[in-house]
Amino acid sequence: MEIQVSHLLNSGLKINFHQSSPSLIFRCNASGFPVQRTSGIGKQSNKIRGYISHESFPFYSTKARGSRSLLKCLFSADKNQFKVPESNKLVELPLFPLPLVLFPGAILPLQIYEFKDRMMMQTILQTDLKFGIVYSDNMYGVVDVGCVAEVVKHERLKDDRFFLICKGQERFQVLNVVRTKPYIVGEVQWLEDRPSATILDDVEALALDVETQMKDVIRISKRMSGKPLKEVSDLRRNLFPTPFSFFVGSTFEGAPREQQALLELEDTATRLKREKETLRSTLNYLSAASAVKDVFQKQ
């Protein structure tokens, strides 16, 4: 399996290795925000909350999607900068299955091709500019936990395609599919992290540990690629632990099933611990690869 490490805060960096651990990509734009793009489906298996049953949704190529069967939900019964509506309130939300995971706060560029998707966007642009993105792959179908995408910029092209810039907002769980035509609309319930049993100081310490490990991964990746070893800038950007944990999850771009598992967690400390373990494994691999490279260079 290929592991990719990329960080674009200063200059482009992408390193490719082959090993058995999950594929990770660290990718940010020049402003320091996580940027997501369409990515392949990793091979790592993770327990995910539930799926929406359907005939398989092809990957993100909105030109080539075929007809879809009736959908049915099959799911098992701190501080944050994102405004989350009342979690017990049910609302209807247009749904857009894609082979990627959107996190609160992350920036996502999209191009909309298909007629039914263009119809959905027409409605969204005339209302509240929001729709739900749910992760989908050909093996398992569509999951039932996703993230609201708010359109912050859009352009309608001459051939009626849309180019959108979206930002992740609150998380949700699909409880029922209201209709599938002309586009999918689901009844959703909002999700937010529950009060953690871990005291606030411990959560803050976890966030600091995760930031340190991210910096170490970026530093060793730059050294292996021959990039200048400049000091890695502040990754926290004054974020509280919960939004920071979403930021970290959004950088694991090459492992969408791991990202989905992180998105579904409702405890900030648990999410940070899982991210810390993933970063530690990545760092161990990169350190070993760097040592092997040094040996060969000396010969």
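The values are calculated or read from the model by the stated rules, or taken from the named source; none is laboratory data. In this text the structure is predicted, and so the values were computed from the model without any measurement. When we count neighbours, we look across all protein chains shown, and the Cβ atoms used for this are built from the backbone with ideal geometry, even at glycine. Side chains included, ligands, DNA and RNA excluded: accessible areas come from the protein's heavy atoms. Shrake-Rupley method; radii C 1.70, N 1.55, O 1.52, S 1.80 Å.
Maximal additional length on extending the LYS181-TYR140 stretch stands at 12.5 nm, based on 0.36 nm per residue less the C-alpha distance. Heavy-atom accessible surface of LEU263, to the nearest 10 Å², is about 0 Å², with a 1.4 Å probe and all protein chains retained. The trypsin sites (Lys or Arg not before Pro) of the stretch 131-172 meeting both criteria, a DSSP state outside H, G, I, E and B (loop) and at most 12 other C-beta atoms within 10 angstrom of the site's C-beta, are LYS158. Taking all protein chains together and rolling a 1.4 Å probe, LEU90 ends up with roughly 80 Å² accessible.
The value of relative contact order for the stretch 203-297, using C-alpha pairs under 8 Å at least six residues apart, is 41 percent.
For the stretch 143-203, count all C-alpha to C-alpha pairs, find those more than 19 Å apart, and express that count as a whole percent of the total. Taking all Cα-Cα pairs of the stretch 143-203, the fraction more than 19 Å apart is 57 percent. Counting pairwise Cα distances across the stretch 251-291, what percent come out greater than 15 angstrom? Tail fraction, whole percent: 48.
Note on LEU157 and ASP234: the model spin-label points, each 7 Å out from Cα along the C-beta direction, lie 3.9 nm apart. The spread of Cα positions in the stretch 91-190, taken along each principal axis and listed from longest to shortest, comes to 36, 29, 29 Å. Once the chain from SER290 to ASP209 is taken as fully extended at 0.36 nm per residue, the excess over their C-alpha distance is 27.0 nm. Packing, as the average of other Cβ atoms within 10 Å across residues, places the peptides 92-101, 248-257, 276-285 in the order 248-257, 92-101, 276-285, highest first. Projected onto their three principal axes, the Cα atoms of the stretch 177-287 cover extents of 53, 37, 24 Å, largest first. Short-range pairs are left out: with C-alpha atoms under 8 Å and at least six residues apart, the relative contact order of the stretch 91-190 is 36 percent. Given a Förster distance of 45 Å, report the FRET efficiency between PHE115 and GLU192 from their Cβ-Cβ distance, rounded to the nearest 0.05. It comes out at approximately 0.80. Sorting ASP267, ASP137, ASP160 by accessible area puts them as ASP160, ASP267, ASP137; the probe is 1.4 Å, largest comes first, and only protein heavy atoms count.
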